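Q: Please see the structure below; I have some questions.
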Amino acid sequence: MTDKKAQSSSGVSDVLASITASAQTRLDQLDTQDLRRHLKTTARMPEQTVLRDGRSMVSFSDNDYLGLGVDQRVIKAACEAAHLYGAGAGASRLVTGDHPLYAEFEARLAAFKGEEAALVFGSGYMANIGTIPVFAAKGDLILIDRLAHACLYAGAQLSGARMLRFQHNNPDDLARLLARYRSSHRHALIMTDGVFSMDGDQACLKPLKMLADEHDAWLLVDDAHGLGVLGDGRGTAHAQKLRPDLSVGTLSKALGSYGGYVAGDSSVIDLLKNRARSLIYTTALPPMVIGAALKALEIMESEPALCARPLELASQFCACLNLPEPASAIVPLVVGTEQAALEAQARLEDAGFLVVAIRPPTVPKGTARLRLSFSAAHRDEDVTRLADAVRQLGLV
Ligand SMILES: *Cc1c(COP(=O)(O)O)cnc(C)c1O
């Protein structure tokens with residue numbers, strides 16, 4: 001008899017279950033709850049068209065708000081950068097990975113955002129998990145909007161600071177927490193999305209900024225879905241006429257490429273270069289990625305009408321269905337159960353539209369939804385046809 005068998009008969013079989021069996025049990029649980037996810041090979045084409053399972057559909061699920069991810073000018077810039085500087089960066093930015101396109105892109109992005117400096121990270125997720133622990137640690141306080149993106153929570157957890165959630169978009173609740181907890185902590189950091197990724201509403205930044213000033217706290221705004229769409233493309237804070245202390249975002253949504261950034265005062269950015277672990281201990285992004293983002297940024301700067309388009313199309317859609325005026329390019333249709341959301345997705349696919357169902361844990365239980373994102377690359381008739389298809393589902 002092996003040791004293994006001897007132990008399992010003594011009642012510790014859970015400990016000894018193989019990793020395969022353990023994984024399978026958990027997958028089975030996800031299956032019974034309609035929460036199991038599968039990767040689906042999807043080829044992206046121009047005009048927000050995708051090929052999936054041999055079917056061509058118009059996608060209302062990706063975050064390429066300006067269609068720049070498949071824009072020929074951007075693709076050409078990526079190819080040129082690869083020819084000039086190679087396929088990979090070779091090392092961390094602090095070693096030899098800081099290829100010439102970085103400085104140009106960061107200066108240009110900072111100017112566009114009206115900030116002194118900017119710093120590119122490997123992704124928006126990495127920007128947040130690297131930045132938050134630099135400005136909050138044990139003994140400090142983090143106040144986070146309940147519906148903020150998962151990577152803000154991940155950064156808060158890594159920081160070791162005390163984390164308290166305030167009710168979504170509720171400055172009164174934030175004020176209550178600050179009054180009660182601020183004085184017993186060294187620094188305080190308030191964190192929110194600019195545009196909430198699953199609901200499409202904007203954070204009310206003015207009252208957050210006022211509370212931050214009043215209570216000697218800093219404000220971090222993650223504007224992944226605002227850049228390129230709101231405030232002439234400059235983002236949510238610009239549209240609301242204020243400057244957060246830390247302005248975080250991504251190159252992978254409206255800029256159509258990949259990567260993340262933080263923008264702010266020069267000293268803040270310089271400290272990040274010295275302390276942000278997700279910048280220091282990881283390889284720099286390939287030159288072609290920054291080459292693409294740089295071209296996309298040029299286009300964004302020079303075409304404010306393009307940046308206005310996603311919100312115009314979202315408005316048209318909402319008008320067709322008598323939904324409230326949207327605050328961003330994201331329009332959620334909350335369905336309720338996981339099953340109903342998957343069913344709605346399947347019916348829209350039959351009608352030629354890809355609208356991926358969003359389920360817990362990405363959204364709170366009972367609020368599974370279709371999340372529509374509108375892009376400048378959509379045509380007016382795509383939007384009206386989608387509105388017809390949604391009406392036929394009887395969801396609104
Ligand atoms: C998409 C998103 C991110 C992650 O950005 P990536 O560059 O894709 O890692 C971060 N924050 C918010 C609010 C997002 O919507």
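The values are calculated or read from the model by the stated rules, or taken from the named source; none is laboratory data. What you see is a predicted model, and the numbers here were worked out from it, not measured in a lab. FYI the Cβ positions are ideal-geometry reconstructions off the backbone, even for glycines, and counts take in every protein chain you see. Protein only, heavy atoms only, side chains kept; ligands, DNA and RNA dropped before computing areas. Shrake-Rupley method; radii C 1.70, N 1.55, O 1.52, S 1.80 Å.
Q: Picking from 232, 270, which residue would you name as being on the phi < 0 side of the Ramachandran plot and among the acidic types (Asp, Glu)?
A: 270
Q: OK, next. Considering only the range 281-289, I want to know if a residue exists there that is assigned to a helix (DSSP H, G or I) and in contact with a Ser or Thr (Cβ under 6 Å, 6 or more places away or on another chain).
A: Looking through the range 281-289, at least one residue is assigned to a helix (DSSP H, G or I) and in contact with a Ser or Thr (Cβ under 6 Å, 6 or more places away or on another chain).
Q: Would you please name the residue that is surrounded by the most Cβ atoms within 10 Å (Cβ to Cβ), looking only at residues in the range 134-148 that are small (Gly, Ala, Ser) and more than 16 Å from the ligand (Cβ to nearest atom)?
A: Step by step, filter the range 134-148, then rank; the result is 136.
Q: Please verify whether residue 173 is more than 22 Å from residue 250 (Cα to Cα), surrounded by fewer than 22 Cβ atoms within 10 Å (Cβ to Cβ) and among the acidic types (Asp, Glu), treating the condition exactly as stated. Full working, then the answer.
A: Numbers: more than 22 Å from residue 250 (Cα to Cα): yes; surrounded by fewer than 22 Cβ atoms within 10 Å (Cβ to Cβ): yes; among the acidic types (Asp, Glu): yes.
When the stated conditions are applied, residue 173 passes them.
Q: OK, next. Have a look at 131, 96 and point out the one that is of a type in the set (S, T, N, Q) and within 16 Å of the ligand (Cβ to nearest atom).
A: Every option except 131 fails the conditions.
Q: What do you reckon, is residue 108 charged (D, E, K, R), modelled with pLDDT of 95 or more, within 16 Å of the ligand (Cβ to nearest atom) and more than 22 Å from residue 88 (Cα to Cα)?
A: No, not satisfied.
Q: Residue 183: open to solvent by less than 40 Å² (accessible area, probe 1.4 Å), among the hydroxyl-bearing types (Ser, Thr, Tyr) and more than 16 Å from the ligand (Cβ to nearest atom), yes or no?
A: Values: open to solvent by less than 40 Å² (accessible area, probe 1.4 Å): no; among the hydroxyl-bearing types (Ser, Thr, Tyr): yes; more than 16 Å from the ligand (Cβ to nearest atom): yes.
Judged against the criteria, residue 183 is not a match.
Here's the yes/no breakdown for (1) among the β-branched types (Val, Ile, Thr); (2) out of contact with any helix residue (DSSP H, G or I) (no Cβ under 8 Å at 6 or more places or on another chain); (3) away from the ligand (no atom under 16 Å from the Cβ):
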| site | (1), (2), (3) |
| --- | --- |
| 54 | no, yes, yes |
| 58 | yes, no, yes |
| 61 | no, yes, no |
| 66 | no, no, no |
| 70 | yes, yes, yes |
| 73 | no, no, yes |
| 77 | no, no, yes |
| 81 | no, no, yes |
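Q: I'm trying to understand the selection: among the residues of the range 321-372, which are assigned to a helix (DSSP H, G or I), touching a residue at least 60 places away in the same chain (Cβ under 8 Å) and open to solvent by less than 50 Å² (accessible area, probe 1.4 Å)? Reasoning before the result, please.
A: Initial filter on the range 321-372 (assigned to a helix (DSSP H, G or I)): 338-350.
Narrowing the set further to residues that are touching a residue at least 60 places away in the same chain (Cβ under 8 Å) leaves 338-339, 342, 349.
Passing the criteria: 338, 349.
Q: Are any residues in the range 380-396 touching a Cys at 6+ places or on another chain (Cβ under 7 Å) and more than 15 Å from residue 349 (Cα to Cα), and if so, which ones?
A: 384
Q: Got at least one residue in the range 5-13 being polar (S, T, N, Q), at pLDDT below 95, part of a loop (DSSP other than H, G, I, E, B) and open to solvent by 50 Å² or more (accessible area, probe 1.4 Å)? Quick ask: steps written out before the conclusion?
A: Step one: of the range 5-13, the residues polar (S, T, N, Q) are 7-10, 13.
Now drop any that are not at pLDDT below 95, which leaves 7-10, 13.
Among the residues that remain, those that are also part of a loop (DSSP other than H, G, I, E, B) are: 10.
When the remaining residues are screened for being open to solvent by 50 Å² or more (accessible area, probe 1.4 Å), the result is 10.
Yes, because at least one residue in the range 5-13 is polar (S, T, N, Q), at pLDDT below 95, part of a loop (DSSP other than H, G, I, E, B) and open to solvent by 50 Å² or more (accessible area, probe 1.4 Å).
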